[in-house]
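Here the structure comes first, spelled out in structure tokens, and everything after it is commentary.
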Amino acid sequence: MTPLNRRDLGLLVLRVGTGAVLAAHGTQKLFGWFGGGGIEGTARGMEAMGFSPARESAIAAGLGEAGGGALLALGLATPAAGAAAAGAMAGAVAVHAPAGFFASGGGYEYPAFLGFTAAAIGVAGAGRYSLDHATGHVLDRPWVVAVAFVGTALAAAAVVGRRAQAQADAQAQAAPEPEPEHEAAPDPEG
């Protein structure tokens, strides 16, 4: 094998593996497959995690994972697919961040890894063994990379920021109000 073929084969393996994992997670959210909660269960989970509106957040996360994963595996619209999957993983990272980095403690290690891998594939391109290559890279142009990643970054920042603000507001409302200070009664002797 020439080095070019090895690189393209490596991209194929990476795309299919990462895409399959993402697609499986997304179908849990969308359809309840593989023991998932489907839209209704995922929406309840999204609401509990502070995402609003919950149903729309569930659909967006499911589509980002299932759609982005399927497109990555196929190597079609690879920049948009990688950006969509990375954006969905940004939301998952925000949820797991309070538990620290390592997955063994409930941290964000795994969604961060999936997000960075999807983003790297989106930036690098799908390689020769892909539908992007078969279609003459019509959906894999430099401007698509820029638009997909900037758009996803802005959307993810807005969603994660809105969740963080809602959580801060909820904590402020739940915090007990400080006791008013009582003025000392005047001393009758003096």
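The values are calculated or read from the model by the stated rules, or taken from the named source; none is laboratory data. Everything quoted here is computed from the prediction, not taken from an experiment. Cβ coordinates were reconstructed from backbone atoms using ideal geometry, including for glycine residues, and neighbour counts include every protein chain displayed. Surface areas here come from the heavy atoms of the whole protein model, side chains and all, with no ligands, DNA or RNA. Shrake-Rupley method; radii C 1.70, N 1.55, O 1.52, S 1.80 Å.
Key figures
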{"item": "Every residue from the range 120-150 that is assigned to a helix (DSSP H, G or I) and open to solvent by 40 Å² or more (accessible area, probe 1.4 Å)", "result": "120, 123, 124, 131, 133, 134, 142, 143, 146, 147, 149, 150"}
{"item": "Where residue 56 falls short, out of the listed (1) surrounded by fewer than 16 Cβ atoms within 10 Å (Cβ to Cβ); (2) touching a His at 6+ places or on another chain (Cβ under 6 Å)", "result": "(2)"}
{"item": "Among (1) under 18 Å from residue 155 (Cα atoms); (2) surrounded by fewer than 17 Cβ atoms within 10 Å (Cβ to Cβ) - the single one residue 102 does not satisfy", "result": "(1)"}
{"item": "Answer residue from the range 59-86, given it is small (Gly, Ala, Ser) and open to solvent by 20 Å² or more (accessible area, probe 1.4 Å) and is nearest to the chain's Cα centre (by Cα) among those", "result": "86"}
{"item": "Looking only at the range 153-190, and only at residues there that are of a type outside the set (Asp, Glu), at pLDDT below 85 and open to solvent by 100 Å² or more (accessible area, probe 1.4 Å), the one that is nearest to residue 112 (Cα to Cα)", "result": "176"}
{"item": "Meets criteria (closer than 29 Å to residue 166 by Cβ, among the small types (Gly, Ala, Ser) and touching a His at 6+ places or on another chain (Cβ under 8 Å)) for residue 94", "result": "no"}
{"item": "Condition met for residue 9 (out of contact with any helix residue (DSSP H, G or I) (no Cβ under 6 Å at 6 or more places or on another chain), under 30 Å from residue 135 (Cβ atoms) and open to solvent by 60 Å² or more (accessible area, probe 1.4 Å))", "result": "yes"}
